Amino acid sequence: MASTSSGDEVGLPGFFSDLVRCETRLYNALNDRLRARHGIVTSQYEFLRFLRDHPGARVADLAAEFAIGVGATSKSADRLEKQGWIVRQPNPSDRRSSLLALTDDGSRLVDAAEETFTGALAALIGDTLDGSSAAAVARALSTLRSALERDQIGTPTG
């Protein structure tokens with residue numbers, strides 16, 4: 001068992017279970033909302049948002065951000081490209097990779113979906129956690145994520 005800063009004991013298996021089940025339920029609820037309103041799922045929204053916020057990103061950049069394999073990331077990019085939401089452009093500094101960019105349709109889609117995503121997430125979390133509780137959870141998860149990323153824990157090999 002680990003201790004919290006207040007000295008309370010934390011059952012790590014229960015913490016893990018709660019963390020994963022919360023993520024799964026939030027992800028599924030957001031999936032449902034995004035699919036109904038925009039015809040996309042959460043993973044597609046996240047990819048499109050990343051590309052909007054990181055112009056000139058490569059497949060490898062998406063894979064690193066989302067801690068998934070490059071092959072799976074490339075297939076997801078292929079699907080987004082087939083829908084007309086992104087394009088692959090030659091990478092002037094590395095002929096082996098492409099730079100990914102949103103199309104005008106992709107840009108409009110991610111902007112519209114962001115309103116749905118943010119509103120749904122605010123309702124799902126805001127109805128349960130007050131501002132200080134949500135801030136504490138956000139800080140704790142950010143600290144944990146930073147440590148895992150720094151130590152390259154859970155990074156896919158392919």
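Taking square-rooted eigenvalues a ≥ b ≥ c of the alpha carbon gyration tensor, is the stretch 106-158 rounded, prolate or oblate, where a/c under 1.5 means rounded and, failing that, a/b exceeding b/c means prolate? Verdict is oblate for the stretch 106-158. Looking only at VAL70, VAL137, VAL41, which one moves most when the chain is put into a Gaussian network model with springs between Cα atoms under 10 Å? Answer for the Gaussian network model of the chain: VAL137. Take the Cα of SER146, step 7 Å toward its Cβ, do the same at PHE16, and the gap between the two points is 2.5 nm.
Restricting the GluC sites (Glu not before Pro) of the stretch 108-158 to loop positions (DSSP other than H, G, I, E, B) with no more than 15 neighbouring Cβ atoms within 10 Å leaves nothing. Sparsely packed loop sites in the stretch 71-158 (the trypsin sites (Lys or Arg not before Pro) outside DSSP H, G, I, E and B with at most 13 other Cβ atoms within 10 Å) comprise ARG95, ARG96. Taking the Cα centre of the chain as reference, the dipole from Cβ charges on Lys and Arg (+1) and Asp and Glu (-1) amounts to some 600 debye. Scalar couplings 3J(HN,Hα) for the stretch 49-54, obtained by applying the Karplus form with A = 6.51, B = -1.76, C = 1.60 to θ = phi - 60°, are 5, 4, 5, 5, 7, 9 Hz; x denotes Gly and Pro. By accessible area, using a 1.4 Å probe on protein heavy atoms only, the stretch 1-136 has 53% of its surface on carbon and sulfur. Surface analysis of the chain yields an accessible area of 65 Å² per residue, using protein heavy atoms and a 1.4 Å probe. In this structure, the amide hydrogen of LEU99, modeled 1.01 Å from its nitrogen in the peptide plane, lies closer than 5 angstrom to those of GLN89, ASN91, counting only residues at least 5 positions away or on a different chain.
Using a Förster distance of 30 angstrom, determine the FRET efficiency expected from the C-beta separation of ASP105 and ASN28, and round it to 0.05. Computed FRET efficiency for ASP105 and ASN28: 0.70. One Cα centroid belongs to the stretch 131-145, the other to the stretch 82-129; the line between them spans 24 Å. Rounded, prolate or oblate: which fits the chain when a ≥ b ≥ c are the square roots of the eigenvalues of the alpha-carbon gyration tensor, with rounded for a/c under 1.5 and prolate only if a/b beats b/c? Verdict is oblate for the chain.
The values are calculated or read from the model by the stated rules, or taken from the named source; none is laboratory data. None of the values given here were measured: they were computed from a predicted structure. Positions of Cβ are generated from backbone atoms using ideal geometry, with glycine treated the same way; all protein chains shown enter the neighbour counts. With ligands, DNA and RNA removed, areas are computed over all heavy atoms of the protein, side chains included. Shrake-Rupley method; radii C 1.70, N 1.55, O 1.52, S 1.80 Å.
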